[in-house]
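**Q** Encoded as structure tokens, here's the structure I'll be asking about.
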Amino acid sequence: MSNEGTVIPLAGLARTAAKHMVRAWAAPVFHLTIEVDMTEATKVKSVESTATVTDAIVAAVAKALIEVPEVNTLVGEEELTRFEVANIGIAVASPKGLVVPVVHEANSKSLAELAAARTDIVTRAREGALGRPDITGGTFTISNLGMMGITRFDAILNVPQAAILAVGATNQRYVGGAENAHWAPIAELTLTCDHRALDGATGAKFIGAVKRNLEAPLQA
């Protein structure tokens with residue numbers, strides 16, 4: 001039996017991702033975490049039968065990106081490029097490695113349209129059937145490990161995007177204090193920000209908007 005290990009060359013998506021991560025690690029980042037009551041988000045099927053909580057999150061983020069456009073930004077070496085539409089990438093584990101297909105113009109889509117777009121790109125990502133338009137043009141990324149039981153984590157930037165949102169698991173917690181004590185489904189959301197484009201106040205304003213949008217009643 002050899003003690004030298006097995007050499008696995010990085011190729012294709014894995015090689016590209018490795019280079020991407022090196023660039024991301026070099027960015028000056030900070031993290032902001034907030035707790036969100038997911039009561040309204042978990043009602044998503046009563047509003048749109050084809051939608052999931054992920055779609056509710058995408059809808060809340062898309063609205064927040066329009067409300068706080070500073071976050072909807074790509075970071076260059078000497079310039080920032082800000083966008084008026086929210087093209088939201090969703091991190092997906094595929095047979096070829098991690099890919100981030102994009103829901104384009106998410107801010108202008110209904111919940112049903114978001115569900116259809118998300119189902120399409122995630123299915124094709126897992127089948128290895130994405131085209132170049134499916135993985136380009138993203139202005140923001142969501143990484144959701146909640147379904148894997150991860151409570152909270154810090155996502156690495158999807159450079160050159162200015163920020164990425166990490167979504168943890170939704171767990172029942174006893175909240176509300178002495179006067180309004182009750183059980184509620186709580187999730188922790190963590191925003192990773194590139195400090196070259198965003199300061200703490202702007203990041204806090206954005207993640208606060210995401211929280212507010214998620215805690216409001218859903219609209220079809």
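**Q** Starting from the amide H of Gly97, placed 1.01 Å from N in the peptide plane, find each other amide H under 5 Å away whose residue is 5 or more places distant or on another chain.
**A** When sequence neighbours closer than 5 places are left aside, there are no close amide H contacts.
**Q** Between Val53, Val100, Ala220, whose Cα lies farthest towards the positive end of the dipole of the chain when Lys and Arg beta carbons carry +1 and Asp and Glu beta carbons carry -1, centred on the Cα centre?
**A** The one lying farthest along the dipole's positive direction is Val100.
**Q** For the range 183-220 and the range 99-125, write down the distance between their C-alpha centroids in whole Å.
**A** Going from one Cα centre to the other spans 20 Å.
**Q** Report, in deg cm²/dmol and to the nearest 500, the calculated mean residue ellipticity at 222 nm for the chain, where each DSSP H run with n ≥ 4 adds -39500 (n - 2.57) and the sum is divided by the residue count.
**A** Computed mean residue ellipticity for the chain: -9500 deg cm²/dmol.
**Q** Helix 12-26 against the longest principal axis of the chain: what's the angle in degrees, Cα atoms only, rounded to the nearest 10?
**A** 70
**Q** Then there is this: For the peptides 51-60, 168-177, what is the packing order when you average, over each peptide's residues, the other Cβ atoms within 10 Å and list the highest mean first? Before the final figure, lay out each step's value.
**A** Details: 51-60: 24.0, 168-177: 14.0.
Most protected by this proxy first, the peptides run 51-60, 168-177.
**Q** Dipole of the chain, Cα-centred, from +1 at each Lys and Arg C-beta and -1 at each Asp and Glu C-beta, to the nearest 20 debye?
**A** 460
**Q** Using the Karplus curve 6.51 cos²θ - 1.76 cosθ + 1.60 with θ = phi - 60°, what ³J(HN,Hα) values do you get for each residue of the range 127-143, in whole Hz, with x for Gly and Pro?
**A** Values per residue, Gly and Pro as x: 8, x, 10, 7, x, 4, x, 6, 10, 10, x, x, 10, 6, 10, 10, 10 Hz.
**Q** Please list, ordered by chain and number, the residues whose modelled amide H lies under 5 Å from the amide H of Met38; skip anything fewer than 5 residues away on the same chain.
**A** Ile186, Ala187
**Q** Phe140's amide H: which non-local residues (gap 5+, or another chain) put their own amide H closer than 5 Å, with H modeled 1.01 Å from N in plane and none for Pro or chain starts?
**A** Answer set, sorted by chain and number: Asn87, Gly89.
**Q** Next up: Against the longest principal axis of the chain, how steep is helix 200-215, in degrees 0 to 90 to the nearest 10, with axes from Cα atoms?
**A** 60
**Q** Output ³J(HN,Hα) for the range 114-124: one whole-Hz value per residue in order, computed from phi by the Karplus curve 6.51 cos²θ - 1.76 cosθ + 1.60 with θ = phi - 60°, and x for Gly and Pro.
**A** Those phi angles translate into 4, 4, 5, 5, 5, 4, 4, 6, 5, 4, 5 Hz.
**Q** Just round it to a whole percent: the fraction of Cα-Cα distances in the chain exceeding 31 Å. Write down the numbers at each step before the final one.
**A** Details: 5033 of 24090 pairs.
Value for the chain (Cα pairs over 31 Å): 21 percent.
**Q** Could you give each residue of the range 177-189 its phi-based ³J(HN,Hα) in whole Hz, using Karplus coefficients 6.51, -1.76, 1.60 with θ = phi - 60°, and x for Gly or Pro?
**A** x, 5, 7, 9, 5, 6, 8, 8, x, 10, 10, 9, 10
**Q** Hey, can you rank 61-68, 32-39 by average C-beta count inside 10 Å, highest first?
**A** The densest-packed peptide leads the list: 61-68, 32-39.
Taken together, the values in this text are just the output of simple stated rules run on the coordinates, not laboratory data. Predicted model, so just to flag it, every value in this text is computed and none were measured. Positions of Cβ are backbone-derived with ideal geometry, glycine not excepted, and every protein chain shown enters the neighbour counts.
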